[in-house]
1. Within 12 Å, Cβ to Cβ, of Val211, how many net charges do the neighbouring residues add up to if Lys/Arg are +1 and Asp/Glu are -1?
2. When the Debye formula is applied to the Cα atoms of the stretch 251-339, each taken as the same point scatterer, what base-10 log of I(q)/I(0) results at q = 0.11 Å⁻¹?
3. Treating each Cα of the stretch 233-291 as an identical point scatterer and ignoring solvent, apply the Debye formula and state log10 I(q)/I(0) at q = 0.25 Å⁻¹.
4. Local charge sum around Pro258 (other residues, Cβ-Cβ under 14 Å, Lys/Arg +1, Asp/Glu -1)?
5. With 27 Å as the limit, write out which pairs from Lys81/Lys130; Lys119/Lys325; Lys296/Lys325; Lys104/Lys333; Lys81/Lys333; Lys87/Lys333 have Cα-Cα distances beyond it, or answer none.
6. I want the local charge near Ser241. Using Cβ-Cβ distances under 15 Å, sum +1 for each Lys or Arg and -1 for each Asp or Glu among the other residues.
7. Pop out the ³J(HN,Hα) list for the stretch 212-217 in order, Karplus 6.51 cos²θ - 1.76 cosθ + 1.60 with θ = phi - 60°, rounded to Hz; leave Gly and Pro as x.
8. Once Rh for the stretch 208-311 is found with the Kirkwood sum over Cα pairs, what is the Stokes-Einstein diffusion coefficient at 25 °C and 0.890 mPa s, in µm²/s?
Amino acid sequence: MNIKSQILRASLLACFISLTVACGSTSTPAPETAEITDIGEEQASVILDNNNTIEGVAQGKVSYSRSLDAEERGEALRIAKEGLVRKFVAQKMPNLVRNYNATKEEINDNLDELLLSEKIVSEDIDSDNKSYAVTVRAQINEPALLLILNGSDSKMDSAEMTFIFVAREDTAQNLDDYSENEKTQVEWRAMNTKEIDVAMGAVFTDHNFNVVSPAVLELETDGDLQVSAFVKDFEVGDDVSSETLGRAIVGLKELDPPVNFFALGTLDVDRSFVDPVSGNIKVAVSVTGQILNVLKRGSRVAAVGPVQYFGEGTTYAVARNNALKSAATAAAKVLAGQARANSL
């Protein structure tokens, strides 16, 4: 299947991330000796806020001698779009920068598929300095971009992986009036993780991992991998026992074919409070996780956290679930990117 067909498929699953991009250029009416210059990556920025909305600002420069024409406008727009994708990868997918450098030409050839809902917000022509600036708003199709970035990673195209992430709540936490817990040992209560499993599974699949349910693998490993054992260990501490982890690694490795990667970690529900602006309840979730290479004796190839994310809602339950999904999705993206980059 060619890359355009793959991108089209990815577009149907896309988690679109809103971006705002500002692009500057150099111009003045008349094309005779048009000089195109990218003023540099340091002029661009991409920022992720608590709502997972990304704003990007990128600038390109076009010099001309007499009158500004369509070709030069197009060059300014191209420089802006290329800068946007480049900066997005640099800031949000740092572990895939090497892949970006290897696939940059292919990415630039597919900008129309990667940047969607494109809209020119403003244009500025400075005839005195012979410069032209354009501001563009667009959405980035992250799954389609990942298809290209990971396309060079043929060694992991069929890599199987499974994951166990346990969502936990402090049993002593007063949800209506939270105060810092002064106990030396926190007692955790595991929570239902169905929505978390769906969110993380979707991210790992987008990164071309073949995700296998741990429930299925419990049977295939004859109980060497036990989800309940991981849950029990995480309810009493932040680590799993050597027996629990060791049996799981051996069991996954002995399968035919083996499961290549095993991700595990915790999502801890922290404090809740009322947002003074919206009046809604906000809940914080702290996530910690890692991915182990089963075929290399469980060596760690990716890690994240502890990192805190927030969710908001009209009720505590809604806010908590939103925070859990946000933390799960963000952590899975970091882990998957690291695992692919470090396993090349």
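1. Local charge sum for Val211: -3.
2. Each listed q maps to, in turn, -0.40.
3. -1.04
4. -2
5. Beyond 27 Å: Lys119/Lys325; Lys296/Lys325.
6. Combined, the nearby Lys, Arg, Asp and Glu give -4.
7. 10, 5, x, 5, 5, 6
8. 160
Taken together, the values in this text are just the output of simple stated rules run on the coordinates, not laboratory data. Note that the coordinates shown come from a computational prediction; the quantities given were computed from them, not determined experimentally. Every residue, glycine among them, receives a Cβ derived from its backbone with ideal geometry; neighbour counts consider all protein chains shown.
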